[in-house]
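The values are calculated or read from the model by the stated rules, or taken from the named source; none is laboratory data. Quick caveat, the model's predicted, so the values are computed rather than measured. Here the Cβ positions follow ideal geometry from the backbone for every residue, glycine too, while neighbour counts run over all protein chains shown.
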Amino acid sequence: MLQQISARVMANAPLTGNYWLIEVEAPSIAGRLQPGQFVNIRIAESLAPYLRRPFSVYRVSPDRTCLQVAYKITGEGTRLMTTTMPVGGSCDLIGPLGKGFTLPSAAKRIAVVGRGIGIAALPTLVDHAVSKGIEVYGFLSARDPANLIALDVFDQHGCPVFTHTDQEAPAAKVSDQLAPLLSEATFDAFYVCGSNRLIRAVDRMAATLGIRAEAAMEQLMACGFGDCHGCVIQVNLDREGKKKTYREVCHHGPVFDTWEVVDVRA
């Protein structure tokens, strides 16, 4: 059950590149949060921005009392988060929200593919999968090396990670590094967040292998639980894409099967 709380800020500092990392004490949310779910944050005592902003939960503390959010400075709201939420202060958040990732019951090896801020949706899944003895391969992409986040998460667990930046090869995709491995290693599922181009590439590989693939969708979600209908996207009802409908990302997602959203339109 979701809750709105005023969480104590334990840390709020630069992470790398344009990203900051905020950690808050929120046991009632962190204790129930599943990988891939998100929280909605409001700037305390401010109407700028007026609407809440959704953020994937980056990591949950081992004792499940605290949660972290990695956020990129992109506008007034995220800029204010750096100055209005000091250590010892408070963070107004609602959560846990949305539908998270699912792991196949007998999974032994998975691949997670992320680009930019989409990478922030993946560490909770990595932590969870490793705790279950599942081998995780990471494929991470960003515009430049400074904005590649979560490398330390993979290093902490000893997980192999492949990286790509636009500076190195503007026309390439980090999923290009996954394709050659498919003949060498058996994967049980793929997970992706970051761009429609990556989702399409991962979906094609998953369809060829006949395995599950899930995508965490990025969308502005004002209420976070389906009342405002502001985050509606078009989705497929069948794998052939012949039947379509519209779904709220916050309520039916943010995690969908990739075949549902390969040709997504907001």
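Collect the residues in the stretch 85-110 that are surrounded by 14 or more Cβ atoms within 10 Å (Cβ to Cβ) and polar (S, T, N, Q), keeping them in residue-number order.
Correct list: SER90, THR102.
Determine whether the stretch 121-135 contains at least one residue that is assigned to a loop (DSSP other than H, G, I, E, B), in contact with a Ser or Thr (Cβ under 7 Å, 6 or more places away or on another chain), in contact (Cβ under 8 Å) with a residue 40 or more places away in the chain and crowded, with 16+ Cβ neighbours inside 10 Å.
No; the residues of the stretch 121-135 include none that is assigned to a loop (DSSP other than H, G, I, E, B), in contact with a Ser or Thr (Cβ under 7 Å, 6 or more places away or on another chain), in contact (Cβ under 8 Å) with a residue 40 or more places away in the chain and crowded, with 16+ Cβ neighbours inside 10 Å.
Quick one: LYS132 ticks every box in (1) touching a helix residue (DSSP H, G or I) at 6+ places or on another chain (Cβ under 7 Å); (2) in the same structural domain as VAL192 (by TED's automatic domain parsing) bar one, so which box is it?
Only one criterion is unmet by LYS132, namely (1).
When you go through (1) in contact (Cβ under 8 Å) with a residue 12 or more places away in the chain; (2) not in a loop (DSSP other than H, G, I, E, B) one by one for THR186, which number turns out not to apply?
Exception for THR186: condition (2).
Consider VAL153 against the criteria (1) crowded, with 19+ Cβ neighbours inside 10 Å; (2) without any contact (Cβ under 8 Å) to a residue 60 or more places away in the chain; (3) under 21 Å from TYR71 (Cβ atoms): it satisfies all of them except one. Which criterion is unmet?
Single failed check for VAL153: (2).
Restricting to the stretch 245-259, name every residue that is surrounded by 14 or more Cβ atoms within 10 Å (Cβ to Cβ) and over 24 Å from LEU33 (Cα atoms).
The answer is TRP259, and nothing else.
Going by what's in this entry, would THR163 be described as over 30 Å from ILE94 (Cβ atoms) and hydroxyl-bearing (Ser, Thr, Tyr)?
Yes, satisfied.
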